[in-house]
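Trainee: Can you keep this structure in mind? I'll have questions shortly.
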Amino acid sequence: MILLTGGAGYIGLHTAAVLIAAGHDVVLFDNFSNSKPLGVQRLEAIVGRPVPCVQGDVRSRQDMDGLFDQHTISAVIHFAGLKAVGESATQPLHYYDNNVAGTLVLLEAMMRAEVRRIVFSSSACVYGEPDSSPIPETAALRPANTYGRTKLMIEDILRDLHGAAPDWSIALLRYFNPVGAHPGGLIGEDPNGIPNNLMPFVTQVAVGRLAELQVFGGDYPTPDGSGVRDYIHVMDLAEGHQASLDWALRDPQQVLTVNLGTGCGYSVLDLVRAFEQASGQAIPYRIVARRAGDVPAYWGDASLARQRLGWTARRTLEDMCRDAWNWQRKNPQGFA
Ligand code: NAD
Ligand code: WQD
């Protein structure tokens with residue numbers, strides 16, 4: 001059985017759908033601080049069978065030991081964490097506690113249960129402002145915010161752990177910008193409050209929940225002046241987890257650090273145009289000042305994941321926009 005901490009969240013649900021379809025048994029574990037039980041019910045509708053889900057907190061030794069006692073776990077995919085960059089600046093202790101301390105409690109429980117395979121949700125955020133793009137995994141690591149520092153600290157903890165316990169198999173996955181949804185429109189991204197991220201903001205404008213998009217910066221040194229990112233379809237990302245899990249289950253007893261991105265950069269205005277095409281909805285927008293802390297442009301080098309995992313992102317920006325719109329159109333209030 002595969003344990004997915006944070007499994008009721010956006011990427012966890014999509015990954016669970018892909019893993020179950022591939023024949024894996026999974027157990028989800030989540031405290032529902034940023035997700036809803038309805039998401040798990042939707043996952044069950046997709047896969048056509050019950051999916052075990054345990055409510056608990058990764059920071060609780062009691063919860064974690066109970067989980068490993070009750071289930072025979074062969075590997076863990078560790079999604080549980082807080083991810084809002086702005087909030088991490090105002091609540092740093094909460095972010096270090098939840099992300100870093102929570103991971104320590106999980107790893108100690110894994111030690112006691114003799115589970116030595118883990119796939120960890122890191123982020124392209126560990127690179128901060130890169131010297132150039134595409135960014136290879138060997139680029140300098142200098143995260144520019146508290147959230148990114150929690151991810152780098154966890155990477156360091158896992159590298160140190162492997163130094164002391166070389167029989168562990170550890171995959172550190174640095175995601176770029178996950179967007180889109182399962183093609184059936186039953187699950188998707190459902191942020192609390194006004195979205196911080198571009199795609200959910202765009203879909204909420206399209207569905208009439210928000211009036212207009214603010215494009216943060218029109219004077220970047222990019223082809224159209226708006227910021228450039230490596231958007232990756234969440235189903236491609238989910239398949240990247242499947243490939244990483246299969247790697248870990250082969251017991252390579254190594255640390256593998258890979259980017260999960262497409263290797264392509266698109267601007268904010270590229271995404272808006274692609275979304276309008278895919279949805280047939282006009283997205284009113286206004287170009288405003290740059291957002292503090294934003295990097296002008298970056299995208300990942302996706303070649304190592306292809307070499308090491310045999311995985312490559314297949315879906316286009318149009319697919320991402322179509323599926324994000326399909327989810328939002330069918331669920332205008334998300335999982336509410
Ligand atoms: P999400 O918030 O939808 O999912 C995270 C899940 O973890 C939520 O369901 C939340 O309730 C749960 N959780 C949080 N703290 C917990 C705790 N202490 N105990 C138990 N459960 C807890 O986010 P997501 O987009 O699915 O991201 C999953 C992981 O991927 C996170 O670690 C995030 O930092 C990382 N990541 C996300 C992105 C992105 O843009 N979405 C990019 C890079 C990395
Ligand atoms: C994308 C582009 C914005 C909103 C963040 C985290 C990163 C990762 C993914 C977790 C930028 C522009 C956005 C809006 C806009 N998460 N934008 N108007 O900042 O690239 O990455 O999420 O690990 O670590 O930092 O994503 O979606 O916020 O922004 O113009 O209302 O869209 O300026 O160019 P970002 P984003």
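Trainee: What residues have an amide H closer than 5 Å to that of VAL228, excluding those fewer than 5 places away on the same chain, when H is modeled at 1.01 Å from N in the peptide plane?
Mentor: Under 5 Å from the amide H of VAL228: ALA297, TYR298.
Trainee: Also, quick follow-up: Using protein chains only and a probe of 1.4 angstrom, how many square angstrom of LYS36 are accessible, to the nearest 10?
Mentor: Estimated to the nearest 10 Å², LYS36 gives 70 Å².
Trainee: Where does each of ASP25, ASP301 land when they are ordered by accessible area, with a 1.4 Å probe and the largest first?
Mentor: Heavy-atom accessible area, descending, gives ASP25, ASP301.
Trainee: Given +1 on the Cβ of Lys and Arg, -1 on the Cβ of Asp and Glu, and no further charges, what dipole in debye does the stretch 2-330 carry about its Cα centre, rounded to the nearest 20?
Mentor: Result for the stretch 2-330 is approximately 400 debye, rounded to the nearest 20.
Trainee: Tell me what the chain gives for mean residue ellipticity at 222 nm when only DSSP H runs of n ≥ 4 count, each as -39,500 (n - 2.57), the sum divided by the residue total, rounded to 500 deg cm²/dmol.
Mentor: Using -39500 (n - 2.57) per qualifying helix, the result is -12000 deg cm²/dmol.
Trainee: Have a look at GLY7, SER244, ALA171 and report the one farthest towards the positive end of the charge dipole of the stretch 2-330, computed about the Cα centre with Cβ charges (Lys/Arg +1, Asp/Glu -1).
Mentor: GLY7
Trainee: What residue among TRP311, SER132, GLN277 has its Cα farthest toward the positive end of the dipole of the chain, where the charges are +1 on Lys, Arg and -1 on Asp, Glu, each on the Cβ?
Mentor: Positive-most Cα among the choices belongs to GLN277.
Trainee: Mind ranking ILE232, ILE194 by accessible surface for me, highest first, 1.4 Å probe?
Mentor: From most accessible down to least: ILE194, ILE232.
Trainee: Place +1 on the Cβ of every Lys and Arg and -1 on the Cβ of every Asp and Glu in the stretch 35-139, take the dipole about the Cα centre, and give the residue among ILE77, ASN99, SER123 whose Cα lies farthest towards its positive end.
Mentor: ILE77
Trainee: Using a Gaussian network for the chain with springs between C-alpha atoms less than 10 Å apart, which of these wobbles most: ILE187, ILE283, ILE170?
Mentor: ILE283
Trainee: Can I ask one more? Please list, in chain and number order, the residues 5+ apart from LEU256 or on another chain whose amide H is under 5 Å from its amide H, with Hs placed from the backbone.
Mentor: ILE170, ALA171, LEU172
Trainee: Right, next: If I build a Gaussian network model for the chain, linking alpha-carbon pairs within less than 10 angstrom, which residue out of GLN70, GLN254, GLN277 has the largest mean-square fluctuation?
Mentor: GLN70
Trainee: Follow-up question, since we're still on this one. Based on the alpha-carbon gyration tensor of the stretch 164-214 and its eigenvalue square roots a ≥ b ≥ c, which shape applies: rounded if a/c is under 1.5, prolate if not and a/b is larger than b/c, or oblate?
Mentor: Judged from the Cα gyration tensor, the stretch 164-214 comes out prolate (a/c at least 1.5, a/b above b/c).
Trainee: If you count only protein heavy atoms and use a 1.4 Å probe, how large is the accessible surface of ASP319, to the nearest 10 Å²?
Mentor: 30
Trainee: Still on this structure, please answer the following. Return one number: the angle in degrees, 0 to 90 and rounded to the nearest 10, between the long axis of the Cα atoms of helix 61-70 and the longest principal axis of the Cα atoms of the chain.
Mentor: Once rounded, the angle reads 70 degrees.
Trainee: Going by accessible area, probe 1.4 Å, with all protein chains left in place, what is the ranking of SER33, SER122, largest first?
Mentor: From most exposed to least exposed: SER33, SER122.
The values are calculated or read from the model by the stated rules, or taken from the named source; none is laboratory data. From a predicted model like this one, the values you see are computed outputs, not experimental measurements. Positions of Cβ are generated from backbone atoms using ideal geometry, with glycine treated the same way; all protein chains shown enter the neighbour counts. The accessibility values were calculated without ligands, DNA or RNA, using every heavy atom of the protein model including side chains. Shrake-Rupley method; radii C 1.70, N 1.55, O 1.52, S 1.80 Å.
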